[in-house]
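These notes are about the structure you will find just below.
The values are calculated or read from the model by the stated rules, or taken from the named source; none is laboratory data. What you see is a predicted model, and the numbers here were worked out from it, not measured in a lab. Note that each Cβ is placed from the backbone with ideal geometry, even for glycine, and that neighbours are counted across all protein chains shown.
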Amino acid sequence: MPEATQIIALILCGGQSERMGRPKANLIYHQVPQYQYLLNLCGLLGLQTFISCNKNQLKLLDDISNVIIDKEQFKESGPISGLLSAIELFPQSAILLLGCDYPLVQAKDLAVLIQDFKDNQKTVGYYHSITKMFEPTIAIFHPKEFEIIRNRFNNKQTSLRHFLEETMATKLIPTDINILKSFDTMEDYLGFNAPPIV
């Protein structure tokens, strides 16, 4: 397969957010809903960007035209649902998966991820040096591996983290590990701008 010359961004808004108790995509950390903040970040980097969600979540998104709804055959399987639905539409483009769980991620962090992908033409994901795990929703997936992802799904292997580990994806360790903190509870959210305890 020729080198992937295009990267599209896919912002994942299809999660159940059960522990948070409300949609993570609509939480406001940076003066706008998180999905809009991520759209802005990707726009700064010149990426064509799409929102990934299920059909019941469309009403939560204000005036968004670039939406990829989870296809019926992939629905309710976690982040792989959004990825496979996007692969159906963009089989030759690399896909940057971006979860709404990481409000500390900045444009510069995505730029580092993109540059590593361009340099190595290989699937790459941010890797947590303490937990020793990939963060599959801050990763870029190369189209040469899309068929592997499809086959894994058909074999009921839906974990993208396991895919990254087993396919020896590039491990990118951030200079600031805090960007990989996943905000999953209301306590996390309320603590985002809380004053430090002295």
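Filtering region 166-187 down to residues that are part of a loop (DSSP other than H, G, I, E, B), under 17 Å from residue 110 (Cβ atoms) and of a type in the set (Val, Ile, Thr), which residue is farthest from the chain's Cα centre (by Cα)?
Residues of region 166-187 part of a loop (DSSP other than H, G, I, E, B): 167-169, 173-176, 181-185.
With under 17 Å from residue 110 (Cβ atoms) added as a condition, the list becomes 169, 173-176, 181-182.
In the following step, the residues that additionally are of a type in the set (Val, Ile, Thr) were identified as 173, 175.
Working: 173: 16, 175: 19 Å.
Here the residue is 175.
Find all pairs meeting these conditions: Cβ atoms under 8 angstrom apart; at least six residues apart or on different chains; first residue within region 125-138 and in contact (Cβ under 8 Å) with a residue 60 or more places away in the chain; second residue surrounded by 14 or more Cβ atoms within 10 Å (Cβ to Cβ) and in a strand (DSSP E or B).
137/12; 137/97; 137/98; 137/99
Table: residues versus (1) assigned to a helix (DSSP H, G or I); (2) at pLDDT below 95.
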site: 77; (1), (2): no, yes
site: 83; (1), (2): yes, no
site: 96; (1), (2): no, no
site: 127; (1), (2): no, no
site: 134; (1), (2): no, no
site: 140; (1), (2): no, no
site: 148; (1), (2): yes, no
site: 161; (1), (2): yes, no
site: 164; (1), (2): yes, no
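From the list 10, 39, exactly one residue is at pLDDT 95 or above, crowded, with 18+ Cβ neighbours inside 10 Å and not basic (Lys, Arg). Which is it?
10
For region 28-75, enumerate the residues that are among the charged types (D, E, K, R) and not in a helix (DSSP H, G or I).
62, 63, 70, 71, 75
What number goes with the only condition from (1) closer than 30 Å to residue 144 by Cα; (2) surrounded by fewer than 21 Cβ atoms within 10 Å (Cβ to Cβ) that residue 30 does not pass?
The one condition residue 30 does not meet is (1).
For residue 102, work out the one condition from (1) among the aromatic types (Phe, Trp, Tyr); (2) modelled with pLDDT of 95 or more; (3) within 14 Å of the chain's Cα centre (by Cα) it doesn't fulfil.
(2)
Test each condition in (1) in contact with an Asp or Glu (Cβ under 9 Å, 6 or more places away or on another chain); (2) within 27 Å of residue 186 (Cα to Cα) for residue 67 and report the one that comes out false.
Of everything listed in (1) in contact with an Asp or Glu (Cβ under 9 Å, 6 or more places away or on another chain); (2) within 27 Å of residue 186 (Cα to Cα), residue 67 misses just condition (1).
Being out of contact with any helix residue (DSSP H, G or I) (no Cβ under 6 Å at 6 or more places or on another chain), among the acidic types (Asp, Glu) and either in contact (Cβ under 8 Å) with a residue 12 or more places away in the chain or within 27 Å of residue 25 (Cα to Cα) (or both) is true for just one of 184, 119. Which residue is that?
Details: 119 fails: either in contact (Cβ under 8 Å) with a residue 12 or more places away in the chain or within 27 Å of residue 25 (Cα to Cα) (or both).
Of 184, 119, the one residue that is out of contact with any helix residue (DSSP H, G or I) (no Cβ under 6 Å at 6 or more places or on another chain), among the acidic types (Asp, Glu) and either in contact (Cβ under 8 Å) with a residue 12 or more places away in the chain or within 27 Å of residue 25 (Cα to Cα) (or both) is 184.
Here are some residues: 182, 159, 129. Which one is closer than 20 Å to residue 71 by Cα and small (Gly, Ala, Ser)?
None of the other options fit; the residue is 159.
Counting just the residues of region 142-167 that are among the charged types (D, E, K, R) and loosely packed, with under 15 Cβ neighbours inside 10 Å, which one comes out nearest to residue 124 (Cα to Cα)?
So the residue we want is 166.
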